[in-house]
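Participant: Got a structure for you, questions after.
The values are calculated or read from the model by the stated rules, or taken from the named source; none is laboratory data. Everything numeric here is computed off the predicted structure, so don't read it as measured data. Backbone-built Cβ (ideal geometry, glycine too); neighbour counts: all protein chains shown.
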Amino acid sequence: MDAIYTAVATANGREGRAVSSDGQIDLPLAFPAALGGNGQGTNPEQLFAAGYAACFASAMGAIGRQEKIDVKDASVTAEVSIGKDTDGGFGLSVIMRVELPDHLQGEAGEALLKKTHAYCPYSKATRGNLPVELVIE
């Protein structure tokens, strides 16, 4: 792959800070209350959910333009869950909830999401590594 852009960020753990090299991100990090923390900061799962939702929505826009499908009223919500896995560590799972306009309900919407999931760089990176469920709303 020939890189077009490289994002750089530094973090010092789940209870610290996450800072991008350009200063656009400078966030306190904290364990969520569900994992025993105080919840007084963001966490990697929220950051991943935001990035994946944005990337998926952008990929859907690219597919829409290629196929002359109007997706301007669509929105994507990523739900990223963390839990214990069978190896004694932790794993992630994702539900992508995509709100589509009426003209994209049913088979047309399902086809669009399938193509988007094949095209999206985040989907490519996670494929085979964690379960991703696509839900049309």
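Participant: Using the structure shown, decide if Leu47 is in contact (Cβ under 8 Å) with a residue 12 or more places away in the chain and touching a Lys or Arg at 6+ places or on another chain (Cβ under 7 Å).
Facilitator: Spelling it out, it is not the case that Leu47 is in contact (Cβ under 8 Å) with a residue 12 or more places away in the chain and touching a Lys or Arg at 6+ places or on another chain (Cβ under 7 Å).
Participant: What's the number of the condition Val94 fails, among (1) touching a Phe, Trp or Tyr at 6+ places or on another chain (Cβ under 7 Å); (2) surrounded by fewer than 15 Cβ atoms within 10 Å (Cβ to Cβ)?
Facilitator: So the condition that Val94 fails would be (2).
Participant: Which of the residues that make up the range 1-38 are part of a loop (DSSP other than H, G, I, E, B), surrounded by 13 or more Cβ atoms within 10 Å (Cβ to Cβ) and of a type in the set (Gly, Ala, Ser)?
Facilitator: Of everything in the range 1-38, those that are part of a loop (DSSP other than H, G, I, E, B), surrounded by 13 or more Cβ atoms within 10 Å (Cβ to Cβ) and of a type in the set (Gly, Ala, Ser) turn out to be Gly16, Ala30, Gly37.
Participant: List pairs: first residue in the range 107-121 and not assigned by TED's automatic domain parsing to the domain that holds Glu67 and exposed (fewer than 14 other Cβ atoms within 10 Å of the Cβ), second residue polar (S, T, N, Q) and at pLDDT 95 or above anywhere in the structure, Cβ distance under 6 angstrom, at least six positions apart or on different chains.
Facilitator: If the second residue must be polar (S, T, N, Q) and at pLDDT 95 or above, no pairs are left.
Condition check ((1) free of Cβ contacts under 8 Å to residues at least 40 places away in the same chain; (2) assigned by TED's automatic domain parsing to the domain that holds Leu104; (3) on the phi < 0 side of the Ramachandran plot) across all residues:
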{"position": "Ile4", "(1), (2), (3)": "yes, no, yes"}
{"position": "Pro28", "(1), (2), (3)": "yes, no, yes"}
{"position": "Gly36", "(1), (2), (3)": "yes, no, no"}
{"position": "Ile69", "(1), (2), (3)": "no, yes, yes"}
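Participant: In the range 39-74, what count of residues is obtained for those that are touching a helix residue (DSSP H, G or I) at 6+ places or on another chain (Cβ under 6 Å) and either closer than 23 Å to Gly13 by Cα or surrounded by fewer than 14 Cβ atoms within 10 Å (Cβ to Cβ) (or both)?
Facilitator: Looking only at that region, the number is 2.
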